[in-house]
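> What follows is a structure written as C-alpha cells; I'll ask about it next.
The values are calculated or read from the model by the stated rules, or taken from the named source; none is laboratory data. What you are looking at is a predicted structure, and each value in this text was computed from that prediction instead of being measured. Reconstructed Cβ throughout: ideal geometry from the backbone, glycine too, with neighbour counts over all protein chains shown.
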Amino acid sequence: MRVIVTGATGSLGQALLVRLREENYSVLGLGRSQRKIDHLTSQGFEMKQCDITNLQQVNDCISGGDIVIHCAAFAAPFGSKKKFFETNVEGTKNIFTAAKNSSVSRIVAISSASVFDGSSHERPHGDQTPNLQFRPRHPYGASKFDAEMVCHSNEKDSWIGLRPRAVFGKGDQTLIPRLKKLIGKGHYKTIGAGEAFIDVTCLSNFIDAVCLSITAPKESLGQFYNISNGDPRTFRTIMETYTSKFSNNHKQRKIPYLPVFLIAHLFNITASLVPGKKWEPSVTPYGLRQVTRSLILDTSGAQQALNWSPKKTFEQGMEELE
C-alpha cells in the first residue's frame with residue numbers, strides 16, 4: 001500500500017514517516033522546506049517538495065498513492081488570516097480534488113481541537129463538528145472548522161478524520177517551545193492559579209490512531225474522531241511535571257490574569273498593524289485562552305470505531321522530552 005503524508009517535514013509528519021516505514025508501508029512524504037526535505041532524504045525517506053495550495057503540484061505528488069494522510073497545516077497563535085485559510089481550507093480542497101483524479105481510495109484528515117474554541121467548555125466535547133454558530137473567531141480555529149466542512153461535503157467513504165488536542169512528544173516544535181518560555185530560574189509561570197483542565201495527547205498515541213485509520217472499516221468513515229490521552233491535567237500540573245525533569249526546586253509563580261489579558265490584546269493589535277510582520281508576539285489572546293480555559297474531549301468514539309486506546313501515559317510521554 002502506497003501512503004502519501006502531507007506536512008511530512010513537521011513533527012507529526014516526521015513521526016508518521018518513521019512509524020509507517022516500521023510497518024512496511026511504501027511511504028512518500030510531502031513538504032515545503034527543501035532543507036528539511038534534504039535532511040529526511042538523507043535518512044532514507046522518499047520525499048517531494050509540494051505546496052498544497054498549488055493544485056497542479058498536489059495532482060503530481062499524490063498520483064499513484066492509495067492513502068493520503070493530510071497533516072499539512074498552518075498552525076500558529078498569530079499570523080496572516082489569508083495564509084490560515086489558503087493553507088488549511090484551500091489546501092484541503094486541493095487534496096480532495098486531486099484524490100478524485102487519482103488512485104487514492106482514502107484520505108485521513110488531521111484536524112484540531114481548536115474547532116471547539118467558539119463553544120462552551122462546560123462538558124467534554126463529542127466528535128461532532130460544532131454548529132456554524134459556534135465557529136471559532138481566531139483564524140486558525142475558524143480555518144480548521146472550515147476544513148472539516150470541506151471533508152463533510154465529500155463522499156463519506158472517501159475520508160476519515162482525527163481531531164487531536166495538544167500533541168506532544170520527541171521533536172515537538174509546538175507545545176514544548178511555548179512551555180519553555182514560561183520557565184525561569186527556579187520557577188515556572190502560570191496565568192492565574194493554573195487550574196484550567198487541558199487534554200493533552202502523547203505523540204505515539206496519536207500515531208497509533210492514524211495507523212488504525214488507514215485500515216478502519218467502512219462504517220467508521222466520514223466522521224471526525226477526538227484523540228487525546230483521556231486524562232486531563234491542570235496547566236499547573238503540566239508545568240510542574242515538565243519542570244521536574246530538570247529540577248524539583250521549581251516553584252509556581254502566579255501572574256494575574258487581567259494585566260496579561262490586556263497586554264495580549266495590545267500586542268495582537270500592534271502586531272497586526274505591522275505590514276509583512278514575520279515574528280510572533282510573546283503573548284497572544286489565542287495562546288492565553290489555550291492555558292486559561294478548560295477544554296476536554298470525549299474520545300469514546302475513536303475507541304469504539306477504531307478499536308483505539310491511549311497506551312502511553314502523560315508521565316511516560318513527558319519522560320521522552322528533552
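> Need the failing condition index for VAL210 against (1) at pLDDT 95 or above; (2) more than 20 Å from the chain's Cα centre (by Cα), just the number.
(2)
> In region 167-184, what residues are under 18 Å from the mean Cα position of the chain (by Cα) and either more than 22 Å from CYS211 (Cα to Cα) or surrounded by fewer than 22 Cβ atoms within 10 Å (Cβ to Cβ) (or both)?
LYS170, GLY171, ASP172, GLN173, THR174, LEU175, ILE176, PRO177, ARG178, LEU179
> Would you check which residues across region 305-315 are exposed (fewer than 15 other Cβ atoms within 10 Å of the Cβ) and either touching a Ser or Thr at 6+ places or on another chain (Cβ under 9 Å) or not polar (S, T, N, Q) (or both) and list them?
Those that are exposed (fewer than 15 other Cβ atoms within 10 Å of the Cβ) and either touching a Ser or Thr at 6+ places or on another chain (Cβ under 9 Å) or not polar (S, T, N, Q) (or both): SER309, LYS311, GLU315.
> Residues of region 79-112 being assigned to a helix (DSSP H, G or I) and farther than 16 Å from SER158 by Cβ, which ones?
Selection gives LYS81, LYS82, LYS83, PHE84, PHE85, GLU86, THR87, ASN88, VAL89, GLU90, GLY91.
> Let me ask something else about it. Going residue by residue through region 186-200, is there one that turns out to be touching a Leu at 6+ places or on another chain (Cβ under 8 Å), touching a residue at least 60 places away in the same chain (Cβ under 8 Å), buried (at least 16 other Cβ atoms within 10 Å of the Cβ) and within 30 Å of SER158 (Cβ to Cβ)?
Looking through region 186-200, at least one residue is touching a Leu at 6+ places or on another chain (Cβ under 8 Å), touching a residue at least 60 places away in the same chain (Cβ under 8 Å), buried (at least 16 other Cβ atoms within 10 Å of the Cβ) and within 30 Å of SER158 (Cβ to Cβ).
> Can you name every residue in region 151-198 that is closer than 16 Å to ASP127 by Cα and part of a helix (DSSP H, G or I)?
Once the filter is applied, which keeps residues that are closer than 16 Å to ASP127 by Cα and part of a helix (DSSP H, G or I), region 151-198 yields CYS151, HIS152, LYS156.
> Among the residues of region 47-55, is any surrounded by fewer than 17 Cβ atoms within 10 Å (Cβ to Cβ), modelled with pLDDT of 95 or more and in a helix (DSSP H, G or I)?
Looking for residues that are surrounded by fewer than 17 Cβ atoms within 10 Å (Cβ to Cβ), modelled with pLDDT of 95 or more and in a helix (DSSP H, G or I), one finds none in region 47-55, hence no.
> Looking at ALA76, ALA72 in this structure, which one is assigned to a loop (DSSP other than H, G, I, E, B), within 30 Å of ALA271 (Cα to Cα) and modelled with pLDDT under 95?
Residue meeting the stated conditions: ALA76.
> So, one more: Could you check how many residues of region 5-22 are without any contact (Cβ under 8 Å) to a residue 60 or more places away in the chain and either buried (at least 20 other Cβ atoms within 10 Å of the Cβ) or within 13 Å of the chain's Cα centre (by Cα) (or both)?
Of the residues in that region, 3 qualify.
> Being more than 19 Å from ILE207 (Cβ to Cβ) and surrounded by fewer than 14 Cβ atoms within 10 Å (Cβ to Cβ) is the filter here; which residues of region 23-40 pass it?
SER33, GLN34, ARG35, ASP38
> Taking the options ASN229, ASN205, name whichever one is touching a residue at least 12 places away in the same chain (Cβ under 8 Å), crowded, with 19+ Cβ neighbours inside 10 Å, under 25 Å from the mean Cα position of the chain (by Cα) and part of a helix (DSSP H, G or I).
It is ASN205.
> Does THR129 count as modelled with pLDDT of 95 or more, polar (S, T, N, Q), in contact with a Phe, Trp or Tyr (Cβ under 9 Å, 6 or more places away or on another chain) and not in a loop (DSSP other than H, G, I, E, B)?
Spelling it out, it is not the case that THR129 is modelled with pLDDT of 95 or more, polar (S, T, N, Q), in contact with a Phe, Trp or Tyr (Cβ under 9 Å, 6 or more places away or on another chain) and not in a loop (DSSP other than H, G, I, E, B).
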